[in-house]
Amino acid sequence: MVCVDATQTMPMKGVDQHPDAQGLVLRSRVRIDNDVLDRLPALRFICRSGAGLENIDLSAAKRRGIQVYNSPEGNRDAVGEHTLGMLLSLLHKLRLGDLSLRSGEWDREGHRGRELNTLTVGIIGYGHMGSAFAEKLQGLGCRILACDPYRDDLRAALAGLGTAADLATLYREADVVSFHCNLTDETNGMVNSDFLSRFERPLILLNTSRGKVVNTEDLLAALGSGQVLAAGLDVFDKEASSFENVGQGHDPIWSQLMAHPHVQVSPHVAGWTQESYRKLSNVLADKVLADFS
C-alpha cells in the first residue's frame with residue numbers, strides 16, 4: 001500500500017517505484033487520473049481521507065475495477081458542530097461584540113442578538129454532514145427543513161429531526177440556509193444572484209461544503225442589498241484545489257469579503273478536530289478490512 005502525504009503535489013513521487021502496490025491512501029492535494037492509475041497496475045483500492053472525491057477520476061477507477069473509499073463518517077460531528085458554532089456566533093454577533101469591546105466601546109444595543117428557536121433552518125444536502133448539522137440543532141427549538149433531491153429516503157432519514165422540503169419551500173420559508181452538498185456540475189456556482197433573489201426572507205447563509213458552490217461576488221451584492229443578512233464561510237470559490245490556501249493576491253472581491261462586518265470565516269477547518277484526525281483514518285481502515293480481509 002502507498003501512503004501519499006497531503007503536502008505532496010503531482011506528479012506523485014514514488015509511484016513508479018511501487019508497481020505492485022494494491023492500495024493507495026491520500027488526502028486532497030494529489031490528483032489521481034489515468035496517468036497515475038496506468039503506473040499502478042496492481043491497484044485494488046484508493047482511500048481518500050475525508051469526504052470529497054473531486055481529486056480522483058472515479059470513472060477511470062471504476063473501469064479498472066478499483067474500489068474507492070472516503071470517510072465522511074469520520075468528521076461529520078466536527079462539521080456539524082462547526083456549522084452550528086458559526087450560526088450561533090452570527091445570530092448573537094459574538095465576533096462583532098468582541099471586536100467592539102476590545103476597541104473600547106460598550107455598545108449593548110448594537111449587539112442585540114437573535115434566538116435560534118424563532119427561525120427556520122434550511123439544509124441543502126442531507127448526507128453525513130447535513131444530517132450531523134440537523135442533529136446538533138436538535139433541542140434548540142428551531143424548525144428544520146431538509147432538501148436533497150437525490151435521496152428517495154429523505155423523510156425516513158430525517159427520523160423526526162425535521163421536514164423534507166424542496167427548494168421552492170426553502171425559498172418561501174427559510175431564515176437560514178446551510179450548504180452540505182457535493183461539488184458537481186449542478187452545484188458549481190449554484191448560489192448566485194438569481195438563486196439568492198428567490199428567498200422571500202432576509203437570509204443567513206452558511207457554507208461548509210465546497211467553496212465553488214457559492215459565487216462570492218454575488219454573495220457580496222446580496223449582503224449589500226440586505227437580501228443576505230450575514231454569512232458564515234469555511235470554504236471559498238477562490239480556494240486552491242488542494243484546499244491548502246486561497247489564491248487571493250490583490251483581488252478586490254476577496255478584500256471586500258474579508259472586510260465585511262457580517263461575514264465570519266474560517267480556513268476550511270470545519271472537519272478538522274483532534275478527534276476527527278483519528279476517526280477519519282479508522283473509518284477507512286474499517287471499510288478496507290471489511291472488503292479485503
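Computed from the coordinates by the stated procedures, all read-outs in this text should not be read as laboratory data. Being a predicted model, the structure only gives us computed values, none of them experimental. All Cβ positions, glycine included, derive from the backbone under ideal geometry; neighbour counts span all protein chains shown.
The loop-placed chymotrypsin sites (Phe, Trp or Tyr not before Pro) in the range 85-189, going by DSSP, that have at most 15 neighbouring Cβ atoms within 10 Å of their Cβ come out as TRP106, TYR150.
Working note: Karplus 6.51/-1.76/1.60 with θ = phi - 60° gives the range 217-224 the couplings 4, 5, 4, 4, 5, 5, 5, x Hz, where Gly and Pro are set to x. Each part gets one Cα centre, and for the range 57-84 versus the range 120-134 those centres are 17 Å apart.
For the chain, the longest principal axis of the Cα atoms and the long axis of helix 274-292 meet at an angle of about 40 degrees. For LEU145, the residues whose amide H sits under 5 Å from its own are VAL121, GLY122, ILE123, THR163, ignoring neighbours fewer than 5 places away on the same chain, with H placed 1.01 Å from N. With each label modelled as a point 7 angstrom along the Cα→C-beta vector, the THR184-ASP166 pair spans 1.7 nm. One chain, two ends: ALA290 and HIS262. Fully extended at 0.36 nm per residue, the span grows by 5.4 nm beyond their Cα-Cα distance.
Take every pair of alpha-carbon atoms less than 8 Å apart whose residues are at least six positions apart; their mean separation over the length of the range 76-265 yields a relative contact order of 18 percent. Summarising the amide proton neighbourhood of GLY232: residues at separation of 5 or more, or on other chains, whose placed amide H is nearer than 5 Å comprise LEU205, LEU206, ASN207, GLN264.
In the chain, what % of DSSP beta bridges are antiparallel (nearest 5)?
Details: 1 of 36 bridges.
The antiparallel proportion sits near 5 percent.
Over the range 120-223, all Cα pairs binned in 5 Å intervals from 0 give whole-percent P(r) values of 2, 13, 25, 26, 20, 10, 3, 0, listed from short to long.
Phi angles across the range 164-173 convert, under the Karplus curve 6.51 cos²θ - 1.76 cosθ + 1.60 with θ = phi - 60°, into 3J(HN,Hα) values of 5, 8, 9, 4, 4, 5, 4, 4, 7, 10 Hz, Gly and Pro given as x. Taking amide H as placed 1.01 Å from N in the peptide plane, the amide H of CYS47 sits under 5 Å from that of LEU24, VAL25, LEU26, TYR69, each at least 5 places away or on another chain.
Restriction of the GluC sites (Glu not before Pro) in the range 67-111 to DSSP coil positions whose beta-carbon has at most 15 other beta-carbons within 10 angstrom yields GLU105. 3J(HN,Hα) couplings calculated from phi for the range 31-43 with the Karplus curve 6.51 cos²θ - 1.76 cosθ + 1.60 (θ = phi - 60°) are, in sequence order, 9, 9, 10, 4, 4, 5, 5, 4, 8, 10, x, 9, 5 Hz; Gly and Pro show x.
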